[in-house]
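**Student:** Please see the structure below; I have some questions.
Only the coordinates and a few stated rules stand behind these numbers; no lab work does. Since the structure is predicted, the reported quantities are computational estimates derived from the model, not experimental observations. Cβ atoms come from the backbone with ideal geometry, glycine included; neighbour counts cover every protein chain shown.
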Amino acid sequence: MDKENKPLYKRIIVITNTLLLILFAGVLQLIYPVSQARGEWELVGTIYGDDLIGPLNQPSGIFFDEEKQRVYLADTRNNRLLSYGSNFEFLSEFSAEGKLELPTCIVRDSKKRLIVTESKKNQVTIIDIIGKKIYPLDFSHAPQGGDVIPGNLALDGGDNLYLIDRAGGKILVFDNQGKYLRAIKTEGGLGGFNDVRVGAKGNVYALDTLQGKVYVFDKKGKLLFQFGKRGEKRREFEFPVSLAVDRRGLIYVVDQHKNMVLIFNGDGEFQGEFSEFGWREGRLNFPSYIFIDRSQRIYVVDRDNDRVQIFKRL
Amino acid sequence: MKIYRYYCIILLTMLMGGILVFPLEEVSSGEKVKGGQVCMECHPEVRKEVFSQNGHRPAERGNCVECHNPHTAKHDNLLSEIGGRLCYRCHKKEKKEFAREHVHLPVGKGECTKCHRPHSSINKSLLIENRNKICFSCHPQEKIFSRKNIHSPLKKGNCMKCHDPHASDGEFLLAKDGKKICISCHSVKDPNLVKSHNNYQLKGADCLGCHNPHSSNNKSLVREFFHKPFAAGKCNSCHLSSGIIKKGDKELCFSCHPEVKKEFQKVFSHIRGVKGNVCLECHNSHVSDEHALKKARDDRICFSCHSDTKKRVMGTSPEYKYKHPKFEEFKCTSCHQAHGSDYRLLLSSDENSSCGNCHEAQGKFTHPIGKESIDPRSKRGMTCITCHNPMGAIEEFALRFGRKKELCTQCHRHNM
């Protein structure tokens, strides 16, 4: 039948159905305001490989140096560190003359030293570009120092280094001279900590993936509170792998199996989430790391898409 | 005399209460029986079955409409509800009891009739088969106890001596905690038992760590494969004379297995642990029935941490309708490296090579894949898992999208 000759009653049915659908979508939106939470976030940049540097290969850690306004990225399988400007334009590449082996995490202290976890060497390497020195961090004074398997890193305002010991499931703290200070751990953890960050007030935030818990410690390592659990609900974690804290104290947790970033306030109350599984820009495929700079830009290492996506709240 | 009065009052109250709860008249000649009689006029086989065997109470009472709708129904056999939902309408207590961490698969799926008959049975609890045989209808004996020496309760088919057939708080549907179940029959104070364990403190020991509760080719049901120092009686290789494990935690294991240490020094290191020797998270240091002295079958070890993956993959979600056949074999390590890997998802090589190991034909003849075939969505080289989800998918061939159109239009939007 020709569209123009459609009887009136059929047109009324079509219009009514459309209105009902809109109403239904509205009700759904009220009940599950997911898209609203997603809509608050804007993708402000994406770091890919290109013809000049070749494709990224399983990037892992990322760090933004506020002083130099530079992004440092550990391009793990390519055994190199990459640096980008504040608008994510490529600047330089560093591989310590081919000596870097599987760099997985990176931070930069106020003395302009890059501190990098090298998985293959099972060590944390300090790259002092000004002093033209590269040397490993000495774990030997830490309890069971020979057993340490280093993971993610974080720095506090005094350049103290917080290092995840994957084998011991704890956080080892070193001062800015590399001297071991103390360990932070919990009792009865399943698998121990997977990631660590230090908030603006000096509180230490740690994530236990297998328990699905975020732990918050004070400067001295005293447990203040904990929250979170693994489960299927919206506010629960499936497989959280990395966390970050913004200047306002909001805690962002990357869930690798949900392919989302979940947001909690300073009391651990769920605030919302953004992104979802996928390949297109704005979506995530096995994200592995999160970092937030002072401009509130959120860097998510989108590992299985071999890229970094940078989000910002609208 | 006063006390007799009280007894009389209590008895009368119970009698009245009983009549109210179980109205005799209704059972013998009430409407419901009439209803049942009507049904059984056409279904005499049900009447015969119900009254010649142990009958289900509603069926005995002729209360067919408790489960069936006599006129129309959405479900087969005019049932008013399907599976467990029908049973739980009356069996509310059981529903509560079954809400535990480990649930027998048919219970989880609401398939009560896998084990129970709905009208009657010659067996107790309306079981479809004798209590001593019923488990073997799904769990064949040759798989469970194929070895020479068999645990005596199992010989008699008394599986329920150790297992709860519905649900349990512990693994393997054990009726009690794994560390307590053995001592309910085997006293830890038995001098023979103590002597055979070199006077080792047995209280609180994990018996199942070393003994197979079903069968073994070894005496005393000790598991099949032995750690070499243990088999040689060289306890001091790992223990101090006090029995305590030598210092060094995982370094203790690496001192004899240095090649394994390198396996952890990868992009993705699977090392995890807070409880001392991390190797013991997955391996048994003395004996095991599994290759490499693994504590248990791959899936049991892996899912003990990857509980969300277990729920997704082993659950009934249609999103995981098509699963990789290796799941049926419980072989996670067919594709994933247990210690560490330089490749995504702890695969043993890159995605295409990993799949190509088994799928030889597809590895040679396929949609273009590799570094040169760029996925326009992620700007990354295409791999097998760009289109397939090897863990499971809603579409046939474990495809992420429908292969008639949606899969292709993900990338070829302008060609359509």
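**Student:** Just rank B:THR366, A:THR16, fewest to most, by other beta-carbon atoms within 10 angstrom.
**Tutor:** Lowest count first: A:THR16, B:THR366.
**Student:** Here's something else I'd like to know. Would you compute, from DSSP H runs of 4+ residues alone, the mean residue ellipticity of chain A at 222 nm, taking -39500 (n - 2.57) per run and dividing by the full residue count, rounded to the nearest 500?
**Tutor:** -3000 deg cm²/dmol
**Student:** Now for a different question. In chain B, which longest range has no trypsin sites (Lys or Arg not before Pro) that are both DSSP loop (not H, G, I, E or B) and surrounded by at most 11 other Cβ atoms within 10 Å?
**Tutor:** Answer - B:248-403.
**Student:** Say the dipole of chain A comes from +1 at the beta carbon of Lys and Arg and -1 at that of Asp and Glu; which of A:PRO240, A:LEU250, A:GLY282 then lies farthest toward its positive end?
**Tutor:** Farthest towards the positive pole: A:LEU250.
**Student:** Per 5 Å bin, what percent of the C-alpha pairs of the range A:114-273 does each bin hold, from zero upward?
**Tutor:** 2, 9, 19, 21, 19, 14, 9, 5, 2, 0, 0
**Student:** Same structure again: Quick one: Cα centre-to-centre distance for the range A:45-109 and the range B:204-244, in angstrom?
**Tutor:** 50
**Student:** Determine Rg/Rh for chain B; Rg is computed over alpha-carbon atoms and Rh is the Kirkwood hydrodynamic estimate from the same atoms.
**Tutor:** On the way: Rg = 29.4 Å, Rh = 27.2 Å.
For chain B, the value is 1.08.
**Student:** Given the Cα atoms of the range A:242-314, and with Rh set as the inverse mean 1/r over their pairs in the Kirkwood sense, what is Rg to Rh to two decimals?
**Tutor:** 0.94
**Student:** So what's the protein assembly as shown giving for Cα Rg divided by 2.2 N^0.38 Å, two decimals?
**Tutor:** Expressed relative to 2.2 N^0.38 Å, the Cα Rg reads 1.18.
**Student:** Counting other Cβ atoms within 10 Å, which chymotrypsin sites (Phe, Trp or Tyr not before Pro) in the range B:292-383 have at most 10 and lie in a DSSP loop?
**Tutor:** Answer in residue order: B:PHE365.
**Student:** What is the magnitude of the charge dipole of chain A about its Cα centre, with +1 placed on the Cβ of each Lys and Arg, -1 on the Cβ of each Asp and Glu, and no other charges, expressed in debye to the nearest 20?
**Tutor:** Computed charge dipole of chain A: roughly 500 debye.
**Student:** Can I ask one more? In angstroms, what radius of gyration and Dmax does the range B:305-409 have, counting Cα atoms only?
**Tutor:** Computed over the Cα atoms of the range B:305-409, radius of gyration and Dmax are 14.2, 40 Å.
**Student:** Can you sort A:TYR289, A:TYR9 so the residue with the fewest Cβ neighbours within 10 Å comes first? Intermediate values should be presented prior to the final figure.
**Tutor:** Values: A:TYR289 27, A:TYR9 8.
Lowest count first: A:TYR9, A:TYR289.
**Student:** Answer rounded, prolate or oblate for the range B:251-380, using the Cα gyration tensor with square roots of eigenvalues a ≥ b ≥ c: rounded when a/c is under 1.5, else prolate when a/b is larger than b/c, else oblate.
**Tutor:** Details: a/c = 2.09, a/b = 1.51, b/c = 1.38.
Cα axes put the range B:251-380 in the prolate bin.
**Student:** DSSP loop (so not H, G, I, E, B), at most 14 other Cβ within 10 Å: list which GluC sites (Glu not before Pro) in the range A:244-314 pass both filters.
**Tutor:** A:GLU269, A:GLU276
**Student:** Per q in 0.14, 0.18 Å⁻¹, report the Debye log10 I(q)/I(0) for the range B:77-181, using one uniform scatterer on each alpha carbon and no solvent.
**Tutor:** Result of the Debye calculation: -0.63, -0.99.
**Student:** Using +1 at the C-beta of Lys and Arg and -1 at the C-beta of Asp and Glu, which of B:GLY276, B:ASN77, B:ASN132 has the Cα lying farthest in the positive direction of the dipole of chain B?
**Tutor:** It is B:GLY276.
**Student:** Can you give the convex hull volume of the alpha carbon atoms of chain A per residue, in Å³?
**Tutor:** On the way: hull volume 50.7 nm³, N = 314.
So the per-residue hull volume is 162 Å³.
**Student:** From the C-alpha gyration tensor of the range B:169-253, pull out the three semi-axes of the equivalent ellipsoid (sqrt of 5λ each), sorted largest to smallest, in whole Å.
**Tutor:** 24, 16, 15
**Student:** How many angstrom lie between the C-alpha centres of the range A:219-288 and the range B:148-171?
**Tutor:** About 42 Å separates the Cα centre of the range A:219-288 from the one of the range B:148-171.
**Student:** Give the order of B:LEU193, A:LEU82 when sorted by the count of other beta carbons within 10 angstrom, beginning with the fewest. Walk me through the intermediate numbers first.
**Tutor:** Working: B:LEU193 14, A:LEU82 24.
Fewest-to-most ranking of B:LEU193, A:LEU82: B:LEU193, A:LEU82.
**Student:** Quick check: the distance between the Cα centres of the range B:321-335 and the range A:126-186, to the nearest angstrom?
**Tutor:** After rounding, the separation between the Cα centres reads 39 Å.
**Student:** Here's another thing I want to ask about it. Can you give the angle from 0 to 90° between the axis of helix A:8-31 and the longest principal axis of chain A, with both taken from C-alpha atoms, to the nearest 10?
**Tutor:** Rounded to the nearest ten degrees, it is 30.
**Student:** Further question on the same structure: When the dipole is taken about the Cα centre of the range B:242-295, and only Lys, Arg (+1) and Asp, Glu (-1) are charged at their Cβ, what size is it in debye, to the nearest 20? Walk me through the intermediate numbers first.
**Tutor:** Working: 10 positive and 7 negative charges, 41 e Å.
It works out to roughly 200 debye.
**Student:** Follow-up. Would you work out the charge dipole size for the protein assembly as shown about its Cα centre, treating the Cβ of every Lys and Arg as +1 and the Cβ of every Asp and Glu as -1, and quote it to the nearest 20 debye?
**Tutor:** Charge dipole of the protein assembly as shown: 1740 debye, to the nearest 20.
**Student:** State, as an integer percentage, the relative contact order of chain A based on alpha-carbon contacts under 8 Å between residues 6 or more apart.
**Tutor:** Relative contact order of chain A: 13 percent.
**Student:** I've got another one for you. Return an integer: the convex hull volume of the alpha-carbon atoms of the range B:242-295, in Å³ per residue.
**Tutor:** Dividing the Cα hull volume of the range B:242-295 by its residues yields 98 Å³.
**Student:** In the range B:39-138, what GluC sites (Glu not before Pro) fall in a loop by DSSP, with at most 12 other Cβ atoms inside 10 Å?
**Tutor:** Within the range B:39-138, the qualifying GluC sites (Glu not before Pro) (loop, at most 12 other Cβ atoms within 10 Å) are B:GLU101.
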